[in-house]
Amino acid sequence: MSDPASKAVFLSYASQDAEAAKRICEALRAAGVEVWFDQDALVGGDAWDGKIRGQINSCALFIPVISAATQERLEGYFRLEWKLAANRSHTMAEERTFLLPVVIDTTRDADGKVPSEFRSVQWTKLPGGEASAAFVSRVQKLLGGSTVPAVTRNPESVPPRTSAPAAAKSAFPVGVAATLGVVVLGLIAFVALRPTAKETTVAPAPAKPVVETNATTAPSAAPVAADQKSVAVLAFANMSPEKDTEYFSDGISEEILNALDRIPALRVTPRTSSFSFKGKNVALDEIGRALRVASLIEGSVRKSGNEVRITVKLLNAADGTRVWFEEFNRQMTPADMFAVQSEIAAMVAQKLGGASAASATSAVSTIAVPTKNLAAYDAYLRGRAALGDVVLDRSNAVVHFDEALRLDPNYALAWADLALRMAHKK
């Protein structure tokens with residue numbers, strides 16, 4: 001059991017960062033703060049692992065020290081400490097500040113190999129472990145009972161997202177053999193099989209340009225009333241080691257959007273509108289007003305080998321507070337990918353009050369797995385990404401769709417998108 005009366009701070013770090021952690025410890029102790037620092041907190045005869053777990057379960061603040069050293073070490077006891085602290089944070093109210101990450105070098109939180117909960121709070125930069133007076137003062141205030149929102153939106157917590165690809169004047173590839181029959185077949189498949197956002201049901205706020213700002217900018221206008229069951233899916237952040245896999249995270253977020261759009265009780269913003277904020281540092285309330293939605297979905301995708309981790313957050317668009325958070329770990333197979341997209345859509349619908357568990361699940365359970373060929377699925381996502389929000393690079397997109405069809409000639413969605421590209425050419 002945790003001791004709510006405890007006023008201690010737990011300092012967690014990799015062994016390579018011991019000197020920097022010691023400087024942080026000494027600065028806090030000089031200000032009268034009790035710090036649990038394992039170099040001197042454990043005496044002979046203590047059951048080391050049990051003592052550590054007990055301290056994490058009863059400390060008032062958990063300070064993970066993040067650095068290039070923690071980035072490089074994919075295993076270490078400090079990672080268990082981080083996981084234990086992250087898990088404990090789930091039992092706390094949003095108003096309670098428990099996690100207080102610090103970074104002692106140039107490591108960016110967007111790239112941090114840390115539990116997703118660490119990215120939901122503001123990181124403090126303490127170069128070399130030199131604790132500033134402001135940092136020490138903040139720790140004292142938090143230990144004294146001051147209320148600071150636990151979830152502070154950090155503009156750096158999501159890596160910069162690139163804009164749509166620049167226009168290209170590529171010619172339609174000569175080698176693409178397609179007949180009128182293929183066009184007709186593809187269009188039929190597109191209408192019959194592809195779940196698409198209801199473009200006619202919602203439009204972005206008229207004419208007014210979106211002004212890039214930061215999360216602290218005060219709203220310039222009164223909030224626009226929005227349907228409480230309205231939601232927009234923003235482009236998910238690519239957290240994979242291979243930075244050229246953004247097409248994959250875009251594809252996952254688009255398919256989650258399409259799955260949500262199958263639930264009649266929800267009003268879902270079209271992809272062209274919600275993805276227009278990709279790569280822009282715009283406050284959540286500004287996005288909510290521009291799209292006229294009450295809720296926003298943010299997330300990240302990390303693909304590693306044969307596994308993928310999808311993190312999803314449902315946010316209140318008016319003030320950015322987190323309504324729901326979940327992390328999904330799946331195998332890299334088309335079946336698992338489409339199953340988790342349906343699962344996420346059903347859970348979001350329930351949280352928004354748009355459907356009961358049974359009706360939401362039923363609405364998305366009819367989504368068929370379009371291919372069992374992982375390489376074909378990957379090629380298809382590359383083709384979709386090449387299109388952007390408008391047809392910017394037809395030839396490159398068609399090359400990927402052709403590859404998907406070479407790998408799986410029965411891939412109906414690939415036929416559909418290929419047919420549409422051919423129709424645009426004409």
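The values are calculated or read from the model by the stated rules, or taken from the named source; none is laboratory data. Note that this is a predicted model, so its numbers are computed, not measured. Note that each Cβ is placed from the backbone with ideal geometry, even for glycine, and that neighbours are counted across all protein chains shown.
Side notes on the structure shown:
- Residues of the stretch 322-356 that turn out to be out of contact with any Ser or Thr (no Cβ under 7 Å at 6 or more places or on another chain), crowded, with 19+ Cβ neighbours inside 10 Å and in contact (Cβ under 8 Å) with a residue 40 or more places away in the chain, as a count: 9
- Restricted to helices (runs of 4 or more DSSP H) entirely inside the stretch 352-426, those with at least 1 residues that are at pLDDT 80 or above are 374-387, 394-407, 412-425.
- Counted residues, the stretch 71-94 - those being of a type in the set (Gly, Ala, Ser) and modelled with pLDDT of 90 or more: 1
- Applying the criterion of at least 3 residues that are aliphatic (A, V, I, L, M) to the helices (runs of 4 or more DSSP H) found wholly in the stretch 228-329 leaves 246-261, 284-291.
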